[in-house]
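Single-structure report; data block below.
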Amino acid sequence: MKSWPYLYNQWYATAWGSEIGRELTRRDLLDEPIVLYRTQGGVVTALSDRCLHHHYPLHRGCLVGDHVECGYHGFTYDPSGRCVRIPGQDHIPEKARLRTYPVVEKWKWIWVWMGDPEKADEALIPNFFWLDDPAWEAVGSSIQLQARHQLLNENLLDLSHVEFVHRGSISSSNLSEHPIETKVEGQKVRISRIMKNIEAAPLFVKTMGLPDRIDRWQVEEFQPPCYHVVHVSAGSPGTRLDDSCQYKVINAIVPERPNRSRYLWSVSRNYRREEKWVSDYLQEAVQRVFMEDVAVCEAQEAMISSLPNPPTEMLAKMDTGVTSARRILAEMKLAESQETSGQSHA
């Protein structure tokens with residue numbers, strides 16, 4: 001299994017906005033250490049987490065106003081990354097600057113641009129309006145997993161696993177036997193599965209108040225480099241889609257290191273929005289479901305990493321979404337590499 005490539009000219013969901021405050025917070029993105037914090041004015045700043053002096057992690061230092069002071073020798077940096085203080089030294093070299101990263105706070109998430117800052121267009125951030133639209137009620141969290149990001153991304157691209165991994169929560173018997181339809185639209189992959197008059201998943205009965213038999217629509221949309229929205233709808237047999245209970249599962253599986261990832265997830269629903277017990281139940285139940293996925297991916301990672309030369313996978317009909325995503329990402333990486341190479345020779 002070849003790992004998915006890193007794409008640099010992309011926005012990466014790095015944290016929930018609520019996770020970043022007036023403390024120095026470490027995140028890794030695409031093998032790069034980053035320190036995040038809010039200025040006194042509430043603006044999120046992202047700097048390299050490596051002091052220029054002796055490579056000490058800056059997140060182990062402290063904030064002095066809006067400046068980051070290294071906890072080793074006191075080198076101090078302003079929000080632009082410029083070194084503004086070297087203890088015992090008046091002259092500060094102009095080149096004493098940390099790398100900074102474009103940051104946007106949108107849809108309750110913190111987005112960091114890892115590539116060429118000149119190309120950091122906010123319009124490229126995925127439209128995840130369900131996270132803060134008043135017509136939808138959202139819960140969510142973040143999880144760190146000890147596995148390459150490809151594994152959980154491909155877990156979401158093939159939801160046939162739901163029947164076997166998530167028994168007792170969101171599974172229905174024979175769910176994987178219902179046919180899927182895969183469509184590729186530009187750089188997006190859409191996998192649809194429509195199930196009529198099937199056994200209702202326990203979570204649906206509990207939170208939607210549905211009977212034991214339902215019609216269920218499940219549409220998974222993948223958008224590079226690592227984003228998924230699963231559109232789930234359910235209703236009594238014969239219910240129109242527009243009249244069904246609906247929730248959107250918004251997922252970001254972000255590469256931190258070659259064998260470590262961060263998973264941001266949210267479930268936004270359009271039903272029983274005022275009932276707090278439903279939110280509390282979904283927060284706990286969905287977290288538990290996703291931890292089952294994390295356990296699967298970490299077991300895969302342990303197996304793959306233990307093999308000097310992992311054999312070729314045997315793919316199946318259910319993997320059309322997986323193979324489509326792999327092709328799209330390989331094409332995007334090739335285009336990005338060619339563009340970078342062209343600029344370096346210009």
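Can you tell me which residue in the stretch 25-81 is farthest from the chain's Cα centre (by Cα), limited to those that are buried (at least 18 other Cβ atoms within 10 Å of the Cβ) and assigned to a helix (DSSP H, G or I)?
Among residues in the stretch 25-81 that are buried (at least 18 other Cβ atoms within 10 Å of the Cβ) and assigned to a helix (DSSP H, G or I), the one farthest from the chain's Cα centre (by Cα) is Leu58.
Quick test of your reading of the structure: Leu151 fulfils all but one of (1) more than 21 Å from Val189 (Cβ to Cβ); (2) modelled with pLDDT of 95 or more. Name the failing condition by number.
(1) is the only condition that Leu151 fails.
For Arg167, work out the one condition from (1) within 25 Å of Glu298 (Cα to Cα); (2) surrounded by 15 or more Cβ atoms within 10 Å (Cβ to Cβ) it doesn't fulfil.
Evaluating Arg167 over (1) within 25 Å of Glu298 (Cα to Cα); (2) surrounded by 15 or more Cβ atoms within 10 Å (Cβ to Cβ) leaves (2) as the failure.
Any residue in the stretch 63-77 that's in the same structural domain as Tyr37 (by TED's automatic domain parsing) and of a type in the set (Gly, Ala, Ser): show its pairings with residues that are assigned to a loop (DSSP other than H, G, I, E, B) and surrounded by fewer than 15 Cβ atoms within 10 Å (Cβ to Cβ) at Cβ separation under 6 Å, as long as the two are six or more apart or on different chains.
Here the result reads Gly74/Pro87, each pair linking the stretch 63-77 to a residue that is assigned to a loop (DSSP other than H, G, I, E, B) and surrounded by fewer than 15 Cβ atoms within 10 Å (Cβ to Cβ).
Each row is one residue, and each column tells you yes or no for (1) at pLDDT below 95; (2) in a strand (DSSP E or B); (3) buried (at least 18 other Cβ atoms within 10 Å of the Cβ); (4) assigned by TED's automatic domain parsing to the domain that holds Ser18.
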site	(1), (2), (3), (4)
Pro211	yes, no, no, no
Ser233	no, yes, yes, no
Thr239	yes, no, no, no
Ser261	no, yes, yes, no
Glu274	no, no, no, no
Glu284	no, no, no, no
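Considering only residues of the stretch 136-177 that are part of a helix (DSSP H, G or I) and among the small types (Gly, Ala, Ser), which is nearest to His231 (Cα to Cα)?
Per the criteria, the residue is Ser160.
When the stretch 82-111 is examined, which residues are found to be part of a strand (DSSP E or B), out of contact with any helix residue (DSSP H, G or I) (no Cβ under 9 Å at 6 or more places or on another chain) and closer than 30 Å to Asn127 by Cβ?
Residue satisfying the conditions is Val103 alone.
So, of the residues in the stretch 286-315 that are charged (D, E, K, R) and not in a loop (DSSP other than H, G, I, E, B), which turns out to be surrounded by the fewest Cβ atoms within 10 Å (Cβ to Cβ)?
Of everything passing the filter in the stretch 286-315, Arg288 is surrounded by the fewest Cβ atoms within 10 Å (Cβ to Cβ).
Checking Ala135 against (1) among the hydrophobic types (A, V, I, L, M, F, W, C); (2) closer than 18 Å to Thr207 by Cβ; (3) in contact with a helix residue (DSSP H, G or I) (Cβ under 8 Å, 6 or more places away or on another chain); (4) modelled with pLDDT of 90 or more, which single condition isn't satisfied?
Checking Ala135 against (1) among the hydrophobic types (A, V, I, L, M, F, W, C); (2) closer than 18 Å to Thr207 by Cβ; (3) in contact with a helix residue (DSSP H, G or I) (Cβ under 8 Å, 6 or more places away or on another chain); (4) modelled with pLDDT of 90 or more, the one that fails is (3).
Return yes when Ser3 is assigned to a loop (DSSP other than H, G, I, E, B) and of a type outside the set (Phe, Trp, Tyr) and no when it is not.
Yes: the conditions hold for Ser3.
The values are calculated or read from the model by the stated rules, or taken from the named source; none is laboratory data. Remember, predicted model here, so these are calculated numbers, not experimental data. Every residue, glycine as well, gets a Cβ built from its backbone with ideal geometry; the counts of neighbours run over all protein chains shown.
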